[in-house]
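One structure below.
Bear in mind that the values in this text are calculations on the coordinates, not laboratory data. Everything numeric in this text was worked out from a predicted model, so none of it was measured. Neighbour counts run over all protein chains shown; Cβ positions are idealised from the backbone, glycine included.
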Amino acid sequence: MSETAGSPRTRVALSTGSVYPDSTPDAFETAARLGYDGVEVMVYTDPVSQNVDVLRRLSDYHQIPVLAVHAPSLLVTQRVWGRDAWGKLRRSHEVAEQLGAQVIVLHPPFRWQREYARDFETGLARMSEETNVVFAVENMYPLRARATEVVPYARHWDPVRQDYPNVTLDLSHTAASGSDALAMAADLGDRLAHVHLADGTGTAIPPDEHLVPGRGNQPCAELLERLTASGYPGMVVLEVNTRRALSKAEREADLTESLEFARRHLTHPAAASPDRR
């Protein structure tokens with residue numbers, strides 16, 4: 001493993017959601033062949049993403065580790081692993097422990113999850129005391145329609161304002177919320193535990209674009225360079241949308257470009273590159 005400034009290279013993983021509509025097994029194969037350091041398993045309606053035994057076999061076969069697990073926090077995964085939010089997190093924790101993953105990514109509670117929301121911070125703290133796996137709450141964004149803004153979460157979408165010990169910073173979500181990604185990272189400080197790398201413009205409908213880094217207006221390059229300069233101990237996960245790819249070759253070209261972008265900017269100090277996109 002190459003080193004920068006005496007520190008191990010930051011690992012770059014591929015979210016299995018980045019190959020959708022291809023399957024979870026396709027993501028493992030693609031990540032291994034393109035040279036990613038591991039995968040983040042997006043637990044969703046694909047049965048393979050929910051099956052720890054199959055995931056372990058995929059990891060062993062392709063010699064690609066599962067570095068993180070994204071809990072089923074999306075609207076489309078409300079019934080995955082039952083409807084109880086704490087049950088979903090406990091199951092995510094079990095899967096992470098069995099696969100050797102270091103991070104569980106989760107979203108803040110929805111407004112209608114009142115009991116879950118009421119005990120959210122204390123419940124997370126209690127679960128964190130029982131494991132070395134990090135529960136990292138992701139920054140989200142409001143929904144806007146003309147002049148109306150709706151926040152579907154019981155907590156604010158900005159994790160800087162919340163008492164979360166560990167946070168996932170997603171740059172497609174900062175584009176969607178109109179946030180300053182660099183300021184958010186700086187404000188989070190040591191609470192920044194995980195990064196979802198993607199790009200966005202904040203002008204699309206829906207606003208959460210998950211573009212290949214460098215194709216939007218987010219400071220993807222500068223953030224990566226600052227992470228390297230600051231000795232960031234976590235990983236970077238490419239969570240990009242390749243649904244519009246017209247062929248497998250086009251999808252893999254996007255994922256190769258994403259990996260090369262991440263590796264290039266993770267090997268430079270923050271002031272070294274004029275490219276700030």
Query raised in the report: Quick one: what Rg and Dmax do you get for region 3-265 from the alpha carbons, in Å?
Result: 17.3, 51
Query - Segment residue 94-residue 54, length gained on full extension (0.36 nm per residue, minus Cα span) - result: 13.0 nm
Query raised in the report: To the nearest 20 debye, what charge dipole does region 132-277 have about its Cα centre, counting +1 at the Cβ of each Lys and Arg and -1 at the Cβ of each Asp and Glu?
Result: 200 debye
Query raised in the report: Ratio of Rg to Rh for region 153-277, alpha carbon only, Kirkwood?
Result: 0.97
Report summary line: Contact order relative to length for the chain, counting C-alpha pairs under 8 Å separated by 6 or more residues, stands in percent at 17 percent
Report summary line: Gyration tensor on Cα atoms of region 17-170, a ≥ b ≥ c root eigenvalues, a/c under 1.5 rounded, else prolate if a/b beats b/c, else oblate, says prolate
Report summary line: If unit charges are put on Cβ atoms (+1 for Lys and Arg, -1 for Asp and Glu) and the dipole of the chain is taken about its Cα centre, the option from 224, 86, 52 lying farthest towards the positive end turns out to be 86
Report summary line: Per DSSP, the loop-located GluC sites (Glu not before Pro) within region 89-177 having at most 15 other beta carbons within 10 Å are 129, 130
Query raised in the report: Going toward the positive end of the dipole of the chain, with +1 on Lys and Arg Cβ and -1 on Asp and Glu Cβ, which of 154, 73, 175 do you reach last?
Result: 154
**Report entry** Dipole moment magnitude, nearest 20 debye, the chain about Cα centre, only Lys, Arg, Asp, Glu C-beta charged
**Finding:** 480 debye
Query raised in the report: Add -39500 (n - 2.57) for each DSSP H run of 4 or more in the chain, then divide by its residues: what number comes out at 222 nm, to the nearest 500 deg cm²/dmol?
Result: -10000 deg cm²/dmol
Query raised in the report: Hey, fewest Cβ within 10 Å first, where do 45, 174 land in order?
Result: 45, 174
Requested in this report: Would you please give the residues with an amide H less than 5 Å from that of residue 110, counting only those at least 5 places away or on a separate chain, with H modeled from the backbone geometry?
Outcome: 154
Report summary line: In Å³ per residue, the alpha-carbon convex hull of region 1-107 encloses 105 Å³
Query raised in the report: Hey, fewest Cβ within 10 Å first, where do 248, 88 land in order?
Result: 248, 88
Requested in this report: Quick one: order 55, 192 by neighbouring beta-carbon count within 10 Å, fewest to most.
Outcome: 192, 55
